[in-house]
Every structure is written in structure tokens, then in C-alpha cells.
Ligand code: IPE
Ligand code: IPE
Ligand code: MG
């Protein structure tokens, strides 16, 4: 398996990597532990991946932490996830600041518990001036909800007479997405063995390279990220054109 230095030497590093952090529950189940133990172990994987992404020179990392559909889970699991988020974000914040991480939240923050919103606002404010690694956390995120929100914002602009329906193009839509001004993901990684996108970044992954692996998220580490990037480097991205020309 290649080292970080070798992989950087060997080809282009994806600018934006998005990850569906899946498999925490199964990881815990395999060990006869409660599901929340899997979520705790998942936080350790986040720490490893942040470090490795920085070393590889990945500029944008988007992590799917909680979907608009995850509210369907038992209240106790939802509560445990929210508590874990506040606890870990508060604990890790000084380190994130030192490492030059710029945090951004993708999703509707207003529906989250007040203490979660407070912890997020603090973290956003303290990392706002960093630019080494942009980390986007998709939280209460749904790709369809994001597109519906964008439609509503554009409809309001039309209603106010600021925009003609015929003027609406891809750039107008992109400007109203939660990801406004971010480049599209080049590589989408899904650990946990499922072959689906589960309502993640539906617009933005139009031309992302997909990498699925059976490794469960709490087991995911440097070697898995390197393997995903190595697979990415072997892909021929044509964007609908012809090989070798863009
Ligand atoms: C992903 O792990 C974490 C969240 C969706 C919050 P899961 O909790 O979905 O783990 P599995 O898929 O049940 O193993
Ligand atoms: C996707 O995982 C959402 C997150 C990782 C936050 P899920 O476990 O919710 O997805 P499904 O239910 O397997 O599609
Ligand atoms: Mg899952």
C-alpha cells in the first residue's frame, strides 16, 4: 500500500472528498456493544481522516453526519448522537483551530436542539478565519430538502421581481444550495458496504467518482483513505467528453 508521500507523487489529489460515514451501528453490533459505542468509535475515525486529509493536501472534506431521515431513529439514539456531537465538538475545537480547519454546516441548523446550535455557532465563529482544510459537516442534511429550499429561494426572487423564470440557470441554483461557493466533490466515499447515496449531495455529485468499501466507518483510517484516493487516480474522468480532452 502506498504512503502519503507516494500517493501525492503518483497523481492528482482530489480537491473535494465527500464521505457518507456509515456502519457505526453494525460495528457496535459485531462487538455486542450498544449502537452509541459505534458512534463514539466513529468520532475517532473522523479524527484520523481529518489528519490524513490534511497531510494528503485535500482542501475540502464533506462529512455526512446526520440526515433528514435519521430523525426516524429511536429518540434515545438521536439524543445520544446530538450529545456526542456537542461533547466532541467542544473537546476538539482548540485542536481544530490549531490545525487550520474551517468548519461549515450543511443542513438546517434551526431544527437542532438549542445546545447543539450553540456549540455549532461557537465552532463556526472560532474557525471562520482558517483556510488550511475546509470541513463541511452535513447535519440534518437532505439533498432533496436542499433542492426544495433552493427552489423556494428562487421563487421568492421571482415574486419580488428580481429574476425572470427564464433567467434561472445552473449557476442560480448553485448559489442557493447550502454548498454555495464550494467546488463539487471529486470523490464520494461510502464505507459500510451499501451501494447507495442516501440523499447526500444529489446535485453536487453529478460527476463525482464513487468509491464504496465494505470497511465499517469506525474501522476507516489512513490506509482506507489512501486506497480511495489511489482508486480515484486510476479513473478516467471524461465529464461527457472524450478521453484525454476536457
Ligand atoms: C452511520 O452509522 C451514522 C449515522 C447515520 C448517524 P449507522 O448508525 O447508520 O450504522 P449502521 O448502518 O446501522 O451500521
Ligand atoms: C446515511 O446513512 C446517513 C449518514 C451516514 C449520516 P444511513 O445509515 O442513514 O443510510 P441508509 O438508511 O442505510 O440508506
Ligand atoms: Mg447506516
message: Can you tell me, using C-alpha contacts under 8 Å and at least 6 residues apart, the relative contact order of the range 87-226 as a whole percent?
response: 21
- request: Measure off 7 Å from each Cα along the Cα-to-Cβ vector at residue 55 and residue 15, then give the distance between these two points in nanometres to one decimal.
  value: 2.5
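Only Cα pairs under 8 Å and at least 6 apart count here; give the relative contact order of the chain as a rounded whole percent.
28
Using mean Cβ contacts within 10 Å as the protection proxy, how do 228-236, 167-175 order, highest first?
Output ranking for 228-236, 167-175: 228-236, 167-175.
Given a Förster distance of 30 angstrom, what is the FRET efficiency for residue 48 paired with residue 170, based on the Cβ-Cβ distance and rounded to 0.05? Show your work: numbers first, answer last.
Values: r = 36 Å, r/R0 = 1.19.
Between residue 48 and residue 170 the formula returns 0.25.
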message: Applying a 10 Å radius around every beta-carbon, put 27-35, 59-67 in order of their mean neighbour count, most first.
response: 59-67, 27-35
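Kindly identify the range 23-135 as rounded, prolate or oblate by the Cα gyration tensor criterion: order the square roots of the eigenvalues as a ≥ b ≥ c, call it rounded if a/c is under 1.5, otherwise compare a/b with b/c, prolate if a/b is larger, else oblate.
On the way: a/c = 2.03, a/b = 1.35, b/c = 1.51.
Here the range 23-135 falls in the oblate category.
So what is the calculated 222 nm ellipticity per residue for the chain, using -39500 (n - 2.57) for each DSSP H run with n of 4 or more, over all residues, to the nearest 500 deg cm²/dmol? Please list the in-between numbers first.
Numbers: 8 runs with 110 residues, N = 246.
That comes out to -14500 deg cm²/dmol.
Give, in nm to one decimal, the length gained when the segment between residue 158 and residue 30 is fully stretched (0.36 nm per residue of separation minus the Cα-Cα distance). Mind dumping the intermediate values first?
Numbers: separation 128, 0.36 × 128 = 46.08 nm, distance 5.31 nm.
Length gained between residue 158 and residue 30: 40.8 nm.
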query: In whole Å, how far is the Cα centre of the range 1-53 from that of the range 156-204?
result: 25
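If packing is taken as the average number of other Cβ atoms within 10 Å across a peptide's residues, how do 151-157, 117-123 rank, most packed first?
Numbers: 151-157: 13.9, 117-123: 16.1.
Result, highest mean Cβ count within 10 Å first: 117-123, 151-157.
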task: Kindly provide the pair-distance distribution of the range 1-77 built from C-alpha pairs, with 10 Å bins from 0 and whole-percent values in order of increasing distance.
output: 16, 39, 28, 15, 2
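How high is the FRET efficiency between residue 6 and residue 87 when r is their beta carbon distance and R₀ equals 51 Å, given to the nearest 0.05? List each step's numbers first, then the result.
Details: r = 37 Å, r/R0 = 0.72.
Between residue 6 and residue 87 the formula returns 0.90.
Over the Cα atoms of the range 102-157, compute the convex hull volume and normalise it per residue, giving Å³.
Details: hull volume 5.7 nm³, N = 56.
About 101 Å³ per residue, rounded to a whole number.
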message: So if I take the centroid of the Cα atoms in the range 104-132 and the same for the range 66-97, what is the distance between those two points in Å?
response: 12
message: From the Cα trace of the range 129-212, what convex hull volume per residue do you get, rounded to a whole Å³?
response: 131
statement: Here the FRET efficiency for residue 115 versus residue 149, based on Cβ atoms and R0 = 25 Å and rounded to 0.05, is 0.55
query: In whole Å, what are the Cα extents of the chain along the three principal axes, biggest one first?
result: 58, 50, 35
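Relative contact order (percent) for the range 27-150, with alpha-carbon contacts under 8 angstrom and 6 or more residues of separation? Working shown, then result.
Numbers: 140 pairs, mean separation 42.4, N = 124.
Value for the range 27-150: 34 percent.
Throughout, read-outs are computed from the coordinates displayed, never taken from laboratory work. Predicted model, so just to flag it, every value in this text is computed and none were measured. All Cβ positions, even for glycine, are placed from backbone atoms using ideal geometry, and neighbour counts span all protein chains on display.
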